[in-house]
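Values in this text are rule-based calculations from the coordinates and carry no lab data. Keep in mind it's a predicted model, so treat the numbers as computed, not measured. Cβ: placed from backbone, ideal geometry, glycine included. Neighbour counts: every protein chain shown.
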Amino acid sequence: MLTIARENPTGADLSLLFERHTADMHADTPPESIHMMDASELDIPEVFFFVMRDAGVPVAMGAFKRIDDSHAEIKSMHVLIERRGGGLSRRLLDHLVAEARAAGFTRLSLETGVQDMFGPARGLYERAGFVECPPFEGYWDDPNSYFMTRSLA
């Protein structure tokens, strides 16, 4: 049984998700272009962090971070590789969009990579209504980054 709930990112049983996410981000991206947040950085009031569990076992995570009263950014979305291909990424993304809307945000943006390994993620975001946009809140015109946004109104 799959569940998605808001949790603390420093939970003891989340280490595999963070290890895999970190390894993926460092596999094909120059260090100066990695914009992920680790568990302790996600453990702040401005971040809404969610875990997807299958029979209690964590299989995916995702978060959004408040930029201002109307705008939030998706952070650290990751599904374990052995669980990909079954629609979990879309289910988690839909949950993040719904939660951001419920929290009163009217715009949701994200930064992802331009490398081939990020192609499936970019496709997922495009199918969910995200479109390319310029860098936002603290980002710069990085040739390794691809920025996307969508309205939640």
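Worth a mention:
- Dipole magnitude (debye, nearest 20) for the chain, charges at Cβ of Lys, Arg, Asp, Glu: 720
- Between the listed residues A98, M61, G138, the Cα displaced farthest toward the positive end of the dipole of the stretch 2-151, a dipole computed from Cβ unit charges relative to the Cα centre, is found at A98.
- Prolate/oblate/rounded label for the stretch 113-153 (Cα gyration tensor, a/c 1.5): oblate
- Loop-located GluC sites (Glu not before Pro) in the stretch 87-150 (DSSP state other than H, G, I, E, B) with a sparse environment of at most 16 neighbouring Cβ atoms within 10 Å: E137.
- Take every DSSP beta bridge whose two residues both sit in the stretch 2-151; close to 90 percent of them are antiparallel.
- In the chain, helices alone account for a calculated mean residue ellipticity at 222 nm of -8000 deg cm²/dmol, with every DSSP H run of four or more residues adding -39,500 (n - 2.57).
- Approximate spin-label separation A128-A55, in nm, with each point projected 7 Å along Cα-to-Cβ: 2.7
- Between A5 and E137, the FRET efficiency estimated from the beta carbon spacing at R0 = 22 angstrom works out to 0.25.
- Three-way shape label, the stretch 72-153, alpha-carbon gyration tensor, a/c 1.5: oblate
- Alpha-carbon centroids, the stretch 124-150 and the stretch 79-94: separation in whole Å: 20
- Extension gain for the segment I81 to S40, taken as residue separation times 0.36 nm less the Cα-Cα distance, is 12.4 nm to one decimal.
- Counted as membrane-span-like here are DSSP H helices of the chain whose alpha-carbon atoms extend 15 Å or more along the helix's own axis and whose Kyte-Doolittle mean is -0.5 or above; these are 15-27, 88-102.
- Farthest toward positive dipole pole in the stretch 2-151 [+1 Lys/Arg, -1 Asp/Glu at C-beta], among A121, L2, S15: L2
- Kirkwood hydrodynamic radius of the chain, from the reciprocal of the average inverse Cα-Cα distance over all distinct pairs: 15.6 Å.
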